[in-house]
Amino acid sequence: MAAHLPRLLEMSGATATTAIAAAALMGPAQVAARLFEFGVLKRLHPLVSTRLALLMHPAGAAVVGMFGAPAAAAFALLHGAGNGLLTISRGTLPLALFGPAGYGLRTGIIVAPARIATAAAPLLFGLLLNAMGMGALLISGGLSLAALASLALLRIQPAGAPT
C-alpha cells in the first residue's frame, strides 16, 4: 500500500501535494499506534488489538470512498495506525495463543505465507489500481475484514485455562 498510496489518494481526487502530505502521515500514525499499544492496549489480550488493527484499513477505505479527497489524511492515518498495530500483533498474538514452547518455529511457519504475499503485494495492488481504480480498496478492505472474521472465531482464554 505504501508504494502506491500517493497515486491512490490522487485517484480519490486529491492533488499531488495533498496526496504526498497525507501519505507522509502514515509513518507517524504507525508510531502513534504502537505507543498506544504499549501504553493502553497492553492491558488487553493481543486478540483485541489485532482485531482493532484489522478494522482500521477498511474504516479508512470506507471514509475515503465516501468523502473522496477531503478524507485522504484520514485514510492515511487509519491505514498507518492499523499497520502499526499489526506489526506488534505479529509477535504478541502467536505467543498469547500458543505459548512460548516452539515460539520461533511456530511464528516462522505462520509468517512464511505472509512474507510471500508481502513480496507480491506491490505488484498485485498496482495491477488492481490499474484495473479497478479506487475499487482496489474494496479488495484490500475485504481481505482485512476476512482476516477479522477468522479472528472473530477465536475466543480469549482466561489466564491458566487449558487451550
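The values are calculated or read from the model by the stated rules, or taken from the named source; none is laboratory data. Only a predicted model underlies this, so the values are computations on that prediction, with no experimental measurement involved. Methodologically, a virtual Cβ is constructed for each residue, glycine included, from the backbone with ideal geometry; neighbour enumeration extends over all protein chains shown.
Just a few scattered comments:
- Considering region 8-60, and only residues there that are of a type in the set (S, T, N, Q) and in a loop (DSSP other than H, G, I, E, B), the residue that is farthest from Ile156 (Cα to Cα) turns out to be Thr15.
Let's see how each residue does on (1) among the hydroxyl-bearing types (Ser, Thr, Tyr); (2) touching a residue at least 40 places away in the same chain (Cβ under 8 Å); (3) part of a helix (DSSP H, G or I); (4) within 27 Å of Phe38 (Cα to Cα):
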{"site": "Leu97", "(1), (2), (3), (4)": "no, yes, yes, yes"}
{"site": "Ala114", "(1), (2), (3), (4)": "no, no, yes, yes"}
{"site": "Thr118", "(1), (2), (3), (4)": "yes, no, yes, yes"}
{"site": "Ala121", "(1), (2), (3), (4)": "no, yes, yes, no"}
{"site": "Asn130", "(1), (2), (3), (4)": "no, no, yes, no"}
{"site": "Gly135", "(1), (2), (3), (4)": "no, no, yes, no"}
{"site": "Ala149", "(1), (2), (3), (4)": "no, no, yes, yes"}
{"site": "Ile156", "(1), (2), (3), (4)": "no, yes, no, yes"}
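Quick grid of which residues meet (1) crowded, with 17+ Cβ neighbours inside 10 Å; (2) within 17 Å of Ser140 (Cβ to Cβ); (3) of a type in the set (D, E, K, R):
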residue: Pro46; (1), (2), (3): yes, no, no
residue: Leu95; (1), (2), (3): no, no, no
residue: Ala119; (1), (2), (3): no, yes, no
residue: Pro122; (1), (2), (3): no, yes, no
residue: Leu129; (1), (2), (3): yes, yes, no
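- In region 60-73, the residues that are free of Cβ contacts under 8 Å to residues at least 60 places away in the same chain, crowded, with 17+ Cβ neighbours inside 10 Å and out of contact with any Phe, Trp or Tyr (no Cβ under 7 Å at 6 or more places or on another chain): Ala71, Ala73
- Only a single criterion out of (1) surrounded by 10 or more Cβ atoms within 10 Å (Cβ to Cβ); (2) within 27 Å of Leu44 (Cβ to Cβ); (3) at pLDDT 90 or above is not satisfied by Pro100, namely (1).
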